[in-house]
Amino acid sequence: MMLSVILKAQDPQFTQFYASPMYLNPAFTGVTYEHRFVANYRNQWPGISKTYQTYMASYDYNLSDLNSGIGITVMQDRAGSAGLTHSQIGVSYAYHFKISKFAEIRMGANLSYNMKRLDFNKLRFNDQIATGSSTSIESSKYEQLNFMDFAAGALLNSTEYWLGLSAKHLTQPNSSLTGDNVPLPLSLSLHGGYRFIIEKQGRHDLKRYISPAFNYRHEQKYDQLDIGIYYYHLPLYAG
């Protein structure tokens, strides 16, 4: 019997894309003009056991004297009964300059170190069943994968609106666990939103607002559009 199987995968993503700004676009690094800590968790298809779970945390800070922002992100994505795990730690930098009194252009970049592995203790193969062995020759075909990845983005940001463009996997690193050459395809994102301000202090210190937002993604021949609406009440987002 001969079988032909095509496998497809996805980058980790968050439904509330606006609540993971540095992952959405590194140009958001330092945009808040103060210390910011963000934690994200996603459980995709929770009705099915051992599917996709993603954890992420980030910290960033605005260096106003240098017109810059710096940040760090940590993420782990787990998928399937084999314990396919993708861990990532990255550093981000953004530079901004004014184009008007209340609007700015931001340019950002993220460099990350990535690790992918399978947990073979959670799998059982035919040769283990036949021989009673605790290990399988299949496990020798796979190795833990370590690689660097690079992302960049630009952002037009004002008090009322924002519009950004970001690109991930610019270096198209190899993502194969079997030693083959399987480069990660370039992933593009166009995103934006508008802030209907309810309460503010001064021009920039926003206390409460409602913001509709969108995120359009393109990777190879695949397209995805997310739309949502967010409510901000210092210091919390809900969406």
Could you do me a favour and compute the accessible area per residue for the stretch 39-173, 1.4 Å probe, result in Å²?
-> 57
³J(HN,Hα) across the stretch 228-239 via Karplus (A = 6.51, B = -1.76, C = 1.60, θ = phi - 60°), whole Hz, x for Gly/Pro?
-> x, 9, 10, 10, 10, 9, 2, x, 10, 10, 9, x
Considering only 110, 58, 82, whose Cα is most displaced toward the positive end of the charge dipole of the chain, charges sitting on Cβ of Lys, Arg (+1) and Asp, Glu (-1)?
-> 58
Treat every Asp and Glu Cβ in the chain as -1 and every Lys and Arg Cβ as +1, leave all other atoms uncharged, and give the resulting dipole magnitude about the Cα centre to the nearest 20 debye.
-> 380
Please list the non-local residues whose amide H lies under 5 Å from the amide H of residue 198, H modeled 1.01 Å from N, same-chain partners needing a gap of 5 or more.
-> 208, 209, 210
Go through 128, 41, 179 and say which Cα lies farthest out towards the positive end of the charge dipole of the chain; charges sit on Cβ, +1 for Lys and Arg, -1 for Asp and Glu.
-> 41
Under the helix-only model (-39500 (n - 2.57) for each DSSP H run of 4 or more, divided by the residues of the chain), the mean residue ellipticity at 222 nm, to 500 deg cm²/dmol, is -1000 deg cm²/dmol
Applying the Karplus parametrisation 6.51 cos²θ - 1.76 cosθ + 1.60 with θ = phi - 60° to the phi angles of the stretch 25-35, what ³J(HN,Hα) value in whole Hz is obtained for each residue in order, glycine and proline being reported as x?
-> 7, x, 5, 6, 4, x, 6, 8, 6, 7, 5
Pick out, from 227, 196, 237, the residue whose Cα sits farthest towards the positive end of the charge dipole of the chain, with +1 on the Cβ of Lys and Arg and -1 on the Cβ of Asp and Glu.
-> 196
Could you give the length gained on full extension between residue 99 and residue 120, defined as 0.36 nm per residue of separation minus the Cα-Cα distance, in nm?
-> 2.1 nm
About its Cα centre, what dipole magnitude does the stretch 198-239 give when the only charges are +1 on Lys and Arg Cβ and -1 on Asp and Glu Cβ, stated in debye to the nearest 20?
-> 180
Report, in whole Å, the centroid distance computed from the Cα atoms of the stretch 33-75 and the stretch 204-239.
-> 15
Expressed as a percent, the accessible surface of the chain that is carbon or sulfur, using a 1.4 Å probe and the full set of protein chains, is 60
Would you pull out the residues with amide H under 5 Å of residue 182's amide H, same chain only if 5 or more places away, H placed 1.01 Å from N?
-> 175, 176
For the stretch 177-239, what ratio Rg/Rh do Cα atoms give with a Kirkwood hydrodynamic radius?
-> 1.25
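The values are calculated or read from the model by the stated rules, or taken from the named source; none is laboratory data. Note that this is a predicted model, so its numbers are computed, not measured. Using ideal geometry, Cβ is built from the backbone for each residue, glycine included, and neighbour counts are taken over all protein chains shown. What goes into the accessible areas is simple: the full protein's heavy atoms, side chains included, and nothing from ligands, DNA or RNA. Shrake-Rupley method; radii C 1.70, N 1.55, O 1.52, S 1.80 Å.
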